[in-house]
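The values are calculated or read from the model by the stated rules, or taken from the named source; none is laboratory data. Just so we're clear, the structure is a prediction, and the values are computed from it rather than from any experiment. Every residue, glycine among them, receives a Cβ derived from its backbone with ideal geometry; neighbour counts consider all protein chains shown. For accessibility, only protein heavy atoms count, side chains too; no ligands or nucleic acids. Shrake-Rupley method; radii C 1.70, N 1.55, O 1.52, S 1.80 Å.
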Amino acid sequence: MRFAFIFICPGLPDIERTVVRDGDSSFIGVRDVDEACSEAVRLESEGVGCIELCGAFGEEGARRVMDAVGMRIPVGYIVHLPEMDGAYARAFPSQ
C-alpha cells in the first residue's frame, strides 16, 4: 500500500513533495488545510491508500481532509499525550 504523510508549514513558498521507498511513501508540506485537502484528493487519485496528518491539523482539519477524500481511504492524525503539553508548547511556541 502506498502511504502519505501531510504536514502544515505556513511559511512554505509552495507545496513541497518528497517521495521515498520507490514511490511507496510520500511526505508533503502544505501551507494550510485547504491545500491539504487538494493534495489528499490528488494522492488518492494516484493510488495512495492511507494518509496520516501532522497534529497541527487537529480534529477539525483531519475531518476536512477525510471529507475531501470521501472517506474512501483511511485518514489519521498524530496526537500526543497530555503529559507532553509543556514540551510541545516550548518546542512550538506559536502553535
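Which of (1) at pLDDT below 95; (2) out of contact with any strand residue (DSSP E or B) (no Cβ under 7 Å at 6 or more places or on another chain); (3) surrounded by 15 or more Cβ atoms within 10 Å (Cβ to Cβ) is the odd one out, the single condition residue 95 does not satisfy?
Unmet for residue 95, out of (1) at pLDDT below 95; (2) out of contact with any strand residue (DSSP E or B) (no Cβ under 7 Å at 6 or more places or on another chain); (3) surrounded by 15 or more Cβ atoms within 10 Å (Cβ to Cβ): (3).
May I ask you to say which residue of 21, 90, 2 is among the charged types (D, E, K, R) and in contact with an Asp or Glu (Cβ under 7 Å, 6 or more places away or on another chain)?
2
Only residues that are in contact (Cβ under 8 Å) with a residue 24 or more places away in the chain and farther than 12 Å from residue 6 by Cβ: list them for segment 47-59, please.
Scanning segment 47-59 gives 47, 49.
Provide a single number: the residues in segment 57-92 that are farther than 21 Å from residue 33 by Cβ and either open to solvent by 90 Å² or more (accessible area, probe 1.4 Å) or among the β-branched types (Val, Ile, Thr) (or both).
So the answer is 4.
Could you tell me whether residue 40 is under 15 Å from residue 74 (Cα atoms), crowded, with 19+ Cβ neighbours inside 10 Å and touching a residue at least 40 places away in the same chain (Cβ under 8 Å)?
It is false that residue 40 is under 15 Å from residue 74 (Cα atoms), crowded, with 19+ Cβ neighbours inside 10 Å and touching a residue at least 40 places away in the same chain (Cβ under 8 Å).
How about segment 8-17: which of its residues are open to solvent by 70 Å² or more (accessible area, probe 1.4 Å) and modelled with pLDDT of 95 or more?
Answer for segment 8-17, where residues must be open to solvent by 70 Å² or more (accessible area, probe 1.4 Å) and modelled with pLDDT of 95 or more: 13, 14, 16, 17.
Quickly run through segment 18-36 and pick out the residues that are surrounded by 16 or more Cβ atoms within 10 Å (Cβ to Cβ) and in contact (Cβ under 8 Å) with a residue 24 or more places away in the chain.
Selection gives 26, 28, 30, 33, 36.
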